[in-house]
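The values are calculated or read from the model by the stated rules, or taken from the named source; none is laboratory data. Just so it is clear, the structure is predicted and the values come from calculations on it, not from any experiment. In this analysis, Cβ positions are derived from the backbone assuming ideal geometry, glycine residues included, and neighbour counts consider all displayed protein chains. Note: areas computed on protein heavy atoms with side chains; ligands, DNA, RNA excluded. Shrake-Rupley method; radii C 1.70, N 1.55, O 1.52, S 1.80 Å.
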Amino acid sequence: MYLVYADENGNVYDHPGLFSVARNGDILTEILEEELIPLPEGATLVSLPDTVPIGMDPDTGEMIKLDGCTAVGALVPQGITRLLLPGYVKTNRESKLPLFGYSAVVWKDNRFWVAGRASDDIYKWDPLNFPMDELRQRVEKTLELFPQNRILNHLSHCALEYECLTASNNFFNRWEGSLPVSYTCNAGCYGCISEQPDDSGFPSPQTRMNFKPTEDELVEVMLHHLQTPESIISFGQGCEGEPSTMAGIIVPAMRRVRETTDMGFININTNAGLTDHIKGIVDAGLDLMRVSIISAIDEHYNAYYRPRNYTLENVARSAEYAASKGVYTSINYLCFPGVFDREEEMEAMINFIRRTGIKLIQMRNLNIDPESYLAMIPKARGEVFGMKQAIEIYQEELPDVVIGSFTHIPPAELRRRKNMA
């Protein structure tokens, strides 16, 4: 397994004499064969600015910096959970990597491999199923049907410029579609992809919506999308703040839609901090809820989310209430090698899942500059197992909980909706 690196022009090479090493958090480690999968279709190799790659001399085991070169990582598609970070050191400690999830990549058997695990079926999230020419045509036709709907106009930008697959589904009229609703948020997430303070050093890769939609606009988007039993419409997107802050328009819009149709599923992706608002949305007919979380330890959770007027306990109570009302609940678990697999993190999260009745863990790679993230969270207090073993422990401790990457529909409920259709 040979080191992969880039020159100053971004050309990628494999080193003929150095083995690749990786990082689990801030610990350099060898890469095991069982941690590798072939570079998935749709993955992208990127050079990491202001870094130097580290390789290992196969004869002596010595770690060697490859000066004059740049480390390389892989950006893997959704549905692939990274297991290790690239092995590198920074040449400029003040420099921050762009907000992506970098996976270790190696050269072996005349091809690239990444340290990763397939966590879900990627068919519905395969970019090949979103042909751009057809998408442009569908966007144009949809905007002709709803020329005054600012949400759909906003989503057209997300679909065509950011190539957001969830936004694209609104125009393909299938699967999980977006319904951004909020330009405000009750958290100040360190790695927010749509809004960063000017002095953060992180350029936001997306632009947050800048208007408050009307109840009529919400209803229009929902009825346009909820036309098949498998349709999902989702509040809470990367281009917005916290959707539950807009419960005042979400609740009546949901009620109006459910007076018209039982088709499809209504989902919310939320930090779940506003428990009273979440209760109102649940009671209005919510089907699915995905709670965004990075840790079930207060100190760690607060360092990343920077919650405003809510606590992790509010999050737990919201999830408990939703589950008690029959909502299929999941967590959007932001995973980082060397942190997700810490003994204390695992114990706290397993207890959180058991308490709240979570049915699905959606594994999501945390897009962050590793050094900045590791510097702000608590240090490891127990054993660090490695991502692969940690996932196996979750499977053993929580046998009835699904481990995936995407929003799932309960099979029994889907069958019932299909029979109704």
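In table form, for the structure just shown:
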item	result
Single residue of Pro16, Pro77, Pro49 found to be open to solvent by 50 Å² or more (accessible area, probe 1.4 Å) and in a loop (DSSP other than H, G, I, E, B)	Pro49
Options Gly68, Gly55; residue that is in the same structural domain as Val105 (by the TED database) and part of a loop (DSSP other than H, G, I, E, B)	Gly68
Flag for Arg354 being within 13 Å of Ser330 (Cα to Cα) and open to solvent by 30 Å² or more (accessible area, probe 1.4 Å)	yes
In segment 212-230, residue nearest to Arg256 (Cα to Cα) [restricted to those that are under 24 Å from the mean Cα position of the chain (by Cα) and assigned to a loop (DSSP other than H, G, I, E, B)]	Leu226
Some residue of segment 259-273 being assigned to a helix (DSSP H, G or I), at pLDDT 95 or above, buried (at least 19 other Cβ atoms within 10 Å of the Cβ) and assigned by the TED database to the domain that holds Asp216	no
Filtered residue count, segment 52-102, keeping only those that are touching a Leu at 6+ places or on another chain (Cβ under 7 Å) and farther than 16 Å from Ser20 by Cβ	3
Positions within segment 50-68 being closer than 13 Å to Glu8 by Cβ and of a type in the set (S, T, N, Q), in sequence order	Thr51
Selection within segment 19-46 - open to solvent by 30 Å² or more (accessible area, probe 1.4 Å) and of a type in the set (D, E, K, R)	Asp26, Glu30, Glu33, Glu34, Glu41
Condition check for Ser405: of a type in the set (Gly, Ala, Ser), assigned by the TED database to the domain that holds Tyr333, crowded, with 20+ Cβ neighbours inside 10 Å and touching a residue at least 12 places away in the same chain (Cβ under 8 Å)	yes
Qualifying position, being surrounded by 24 or more Cβ atoms within 10 Å (Cβ to Cβ), over 24 Å from Ile233 (Cα atoms) and more than 18 Å from the chain's Cα centre (by Cα), among Glu371, Glu345, Glu299	Glu345
Residues of segment 83-124 satisfying the condition of being touching a residue at least 40 places away in the same chain (Cβ under 8 Å) and hydroxyl-bearing (Ser, Thr, Tyr)	Tyr88, Thr91, Ser95, Tyr102, Ser103, Ser119
Answer residue from segment 305-323, given it is in contact (Cβ under 8 Å) with a residue 60 or more places away in the chain and open to solvent by 10 Å² or more (accessible area, probe 1.4 Å) and is farthest from Leu286 (Cα to Cα) among those	Arg306
Odd one out for Val339, checked against (1) open to solvent by 10 Å² or more (accessible area, probe 1.4 Å); (2) within 22 Å of Glu34 (Cα to Cα); (3) in contact with a His (Cβ under 9 Å, 6 or more places away or on another chain); (4) not small (Gly, Ala, Ser)	(1)
Segment 163-190: number of residues that are open to solvent by 10 Å² or more (accessible area, probe 1.4 Å), modelled with pLDDT of 95 or more and under 20 Å from Asn210 (Cα atoms)	1
Residues (without any contact (Cβ under 8 Å) to a residue 12 or more places away in the chain and aliphatic (A, V, I, L, M)) located in segment 356-402	Ala375
Checking Gly382 against (1) more than 24 Å from Gly177 (Cβ to Cβ); (2) of a type outside the set (A, V, I, L, M, F, W, C); (3) touching a strand residue (DSSP E or B) at 6+ places or on another chain (Cβ under 9 Å); (4) crowded, with 22+ Cβ neighbours inside 10 Å, the condition it does not meet	(4)
Residues that are crowded, with 18+ Cβ neighbours inside 10 Å and out of contact with any strand residue (DSSP E or B) (no Cβ under 6 Å at 6 or more places or on another chain), drawn from segment 80-111	Lys96, Leu97, Leu99
Residue list for segment 129-182, restricted to those being of a type in the set (D, E, K, R) and outside any helix (DSSP H, G or I)	Glu163, Arg174, Glu176
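Here's the yes/no breakdown for (1) in contact with a strand residue (DSSP E or B) (Cβ under 9 Å, 6 or more places away or on another chain); (2) under 30 Å from Ser295 (Cβ atoms); (3) assigned by the TED database to the domain that holds Met263:
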{"site": "Pro127", "(1), (2), (3)": "no, no, yes"}
{"site": "Arg150", "(1), (2), (3)": "no, no, yes"}
{"site": "Arg174", "(1), (2), (3)": "no, no, yes"}
{"site": "Tyr183", "(1), (2), (3)": "no, yes, yes"}
{"site": "Gly191", "(1), (2), (3)": "yes, yes, yes"}
